[in-house]
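What follows is a short report on a single structure.
Just so it is clear, none of the values below were taken in a lab; they were calculated from the coordinates. All values derive from a computational prediction rather than experimental measurement. With ideal geometry, Cβ positions are generated from the backbone for all residues, glycine too; neighbour counts draw on all protein chains shown.
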Amino acid sequence: MEENRVVPPCQLLLIGGSAGSLEVLFKLLPRLNADLPFAIVLVLHRRSTGDSSLTELLSSKTVNHTSEVEDKEPVKPGNIYLAPADYHLLIEKDRTFSLDYSEKINFSRPSIDVTFESACEIYGESAVALILSGANEDGTHGMKCIKKAGGRTLAQNPETAQMPFMPNYAITHGVIDYVLDIPQMADFINQMK
Amino acid sequence: MWEMIEDEDIDLLLNDLFDLYGYDFTSYSRASLKRRIVRLCSLDKFPSFAELRYRVKNDPDYLKRFVEEITVNVTEMFRDPSFYKSLRDDILPILGTKPFIRIWHAGCSTGEEVYSMAILLKEAGLLKKSLLYATDLNPSVLEKVRKGIFPLNQMKQYSENYIASGGKKDFSTYYTANYGQAKLDRDLSEKIIISTHNLVSDSSFNEFDLILCRNVLIYFDKNLQDRVLNLFDASLGSLGYLALGTKETLKFSAIQNKFKQINREKIWKKIV
Ligand SMILES: C[S@@+](CC[C@H](N)C(=O)[O-])C[C@H]1O[C@@H](n2cnc3c(N)ncnc32)[C@H](O)[C@@H]1O
């Protein structure tokens, strides 16, 4: 895990999760500093019925402003954004969000890959991505893009994951820089510039 | 390798489309448009972007496929049941006091939304005095609206949506099942008027009491959204209603002061 090159400052943190990832967020979010210098985008697999209670639940775990994305909303540092149920979440050049109701990818909408790839195009090496617990292959392809672009890629330690498949899949495909448990994730993110 | 498509390439392709065929996609959301183009290249196995561009330029038949695949046509009956419940409970009773009801479904895709509305109107006893204008830029989806035939295996989901929207009847009374297809009843389509209409380039064509444009604006950039919202404003009678998709908003738009959101659903009433 040595790091010799100059690390570009993080401008966007992407977190992808599926089954078993909420519990992780409930522990991780309260440990994060207020007013982080980058936005956090959460892409979670969830039931397609859009219940707004998830936003409220996540919101109650953090001091940072948390909301479900609305179309063409600007990406603002310090905020936490949740991808809405049943839409893919994309990012435009002018750093606003776009929603997309096209086919499911990896049986999922929102798909983690879709958002990670889109963010990678815009943020490149200044994107950081974290993949959490899940039973799906989603996310690995997007992490690959980000790693290739020079961004940093993190995975939840599969041993601590309720569903180790998703982080494991990313790790075995060689797209992960750091494997972390929850306190390490928090430290990593809080120290990230 | 398709991740390598440059924005300049896309600009060239979009210029061809406009110059040769009059289709203007230049103000569409780039992120989504690019994904669709990448997807089409891999679906149709073009070895390079230049080949796609050549094909679009020289094969008008392929243009049809291009437009169909570049636009997103995914839709459902009674999608977002709480939205339809609000139409049922809050909007139709008010529209019902008018002598005629004119409704415009802009970007109706294959028509599931239009038929859902026809069912609501029928159950409210208003269908006879209503007209539903179903428009889209893509002629192929409109052909499906005309037929009113949908896959039978989706009816279970639609029936659940229908009930969640406050529907009290047996949903299967609205269609006839045949060879894996569900054909919606003729009397539902009697009041549907189908026409191509491009929100980018075509103008207002009537005055409406309710305009639905759901999950279409998300594919447009901010400027185009504003232009289209102005078109809707100009096409709504006084105190008319505008309904958008669940994640779309008037909040950042130029016309927001002329409209008032009526409840938590994405329905606005024109107040000036
Ligand atoms: C995702 S569908 C929405 C269908 C339906 N309103 C719903 O919410 O379920 C988007 C539709 O918008 C249409 N569309 C895209 N650009 C358009 C334009 N410039 N003018 C009219 N329709 C357009 C597409 O052809 C597609 O059928």
Given labels modelled 7 Å from the Cα in the Cβ direction, how far is it in nm from B:Arg264 to B:Lys251?
-> 1.5
Determine ³J(HN,Hα), in whole Hz, for all residues of the range B:43-48 in sequence, where each value follows from phi through the Karplus function 6.51 cos²θ - 1.76 cosθ + 1.60 and θ = phi - 60°; x replaces Gly and Pro.
-> 4, 9, 6, 6, x, 8
Counting only DSSP beta bridges with both residues in chain B, tell me the antiparallel percent, nearest 5.
-> 40
Which one of B:Phe49, B:Leu13, B:Val67 has its Cα pushed farthest toward the positive end of the charge dipole of the range B:2-70, where Lys and Arg give +1 and Asp and Glu give -1 at the Cβ?
-> B:Val67
Amide H proximity to B:Ile194 below 5 Å, modelled H, separation 5+ or other chain, gives B:Ala134
When the Debye formula is applied to the Cα atoms of the range A:1-146, each taken as the same point scatterer, what base-10 log of I(q)/I(0) results at q = 0.13, 0.14 Å⁻¹?
-> -0.52, -0.61
Where no second cysteine Cβ lies under 4.7 Å, the cysteines concerned in the protein assembly as shown | A:Cys10, B:Cys41, B:Cys108, B:Cys213
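Across peptide A:86-99, what mean number of C-beta atoms from other chains lies inside 10 Å of a residue's C-beta? List each step's numbers first, then the result.
Values: counts 6, 5, 5, 2, 7, 1, 6, 4, 3, 0, 5, 4, 10, 11.
Per-residue shielding by partner chains comes out at 5.
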Taking Cα atoms, the helix B:222-235 axis meets the longest principal axis of chain B at an angle in degrees (rounded to 10) of 40
Along Cα→Cβ, 7 Å out, is where each label goes; now give me the distance between the ones at B:Lys156 and A:Glu103 in nm to one decimal.
-> 2.2
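Taking 10 °C and 1.306 mPa s as the conditions, I'd like the Stokes-Einstein D for chain B in µm²/s, using the Kirkwood hydrodynamic radius from alpha carbon pairs. Before the final figure, lay out each step's value.
On the way: Rh = 19.8 Å.
This corresponds to a translational diffusion coefficient of 80 µm²/s.
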Rounded to a whole number, the mean other protein chain Cβ count within 10 angstrom for residues of B:31-37 is 6
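Over the range B:121-231, what is the percentage of antiparallel beta bridges among all DSSP beta bridges, to the nearest 5? Let's see the in-between values first.
Numbers: 7 of 12 bridges.
Here the antiparallel bridges make up roughly 60 percent for the range B:121-231.
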If the cut-off is a Cα-Cα distance under 19 Å, which lysines reach A:Lys27, setting aside same-chain residues fewer than 8 apart in sequence?
-> A:Lys61
What residues qualify as long-range amide H neighbours of B:Ser130, i.e. H under 5 Å apart, gap of 5 or more or another chain, H built at 1.01 Å from N?
-> B:Ile101
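If we sort B:209-220, B:171-182, B:152-163, A:86-97 on the protection proxy, mean other Cβ atoms within 10 Å, highest first, what's the order? Mind dumping the intermediate values first?
Working: B:209-220: 24.1, B:171-182: 13.8, B:152-163: 15.9, A:86-97: 21.2.
In descending order of packing, they fall as B:209-220, A:86-97, B:152-163, B:171-182.
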Mind checking A:119-128 for the average number of partner chain beta-carbons within 10 Å of each residue's beta-carbon?
-> 1
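Holding the Cα-Cα limit at 21 Å, pick out from B:Lys85/B:Lys168; B:Lys129/B:Lys266; B:Lys144/B:Lys269; B:Lys98/B:Lys128; B:Lys34/B:Lys222; A:Lys104/B:Lys57 the pairs that are longer than that.
The pairs that break the limit, which is 21 Å between Cα atoms, are B:Lys129/B:Lys266; B:Lys144/B:Lys269; A:Lys104/B:Lys57.
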In the protein assembly as shown, what % of DSSP beta bridges are antiparallel (nearest 5)?
-> 30
B:Arg146 to A:Asp35: FRET efficiency via 1/(1 + (r/R0)^6), r the Cβ-Cβ distance, R0 45 Å, to the nearest 0.05?
-> 0.20
Taking every C-alpha to C-alpha distance in the range B:62-182 and binning by 5 Å from 0, the per-bin percentages run 2, 11, 19, 22, 20, 15, 7, 3, 1, 0
Mind listing the long-range amide H neighbours of B:Leu212? Cut-off is under 5 Å, sequence gap 5 or more, other chains count too, H placed in the peptide plane at 1.01 Å from N.
-> B:Trp104, B:His105, B:Ala106, B:Ala243
Taking only the alpha-carbon atoms of the protein assembly as shown, the convex hull volume per residue, in cubic angstrom, is 154
Using just the helices of chain A, give the 222 nm mean residue ellipticity in deg cm²/dmol: DSSP H runs with n ≥ 4 each add -39,500 (n - 2.57), and the total is spread over all residues, rounded to 500.
-> -8000 deg cm²/dmol
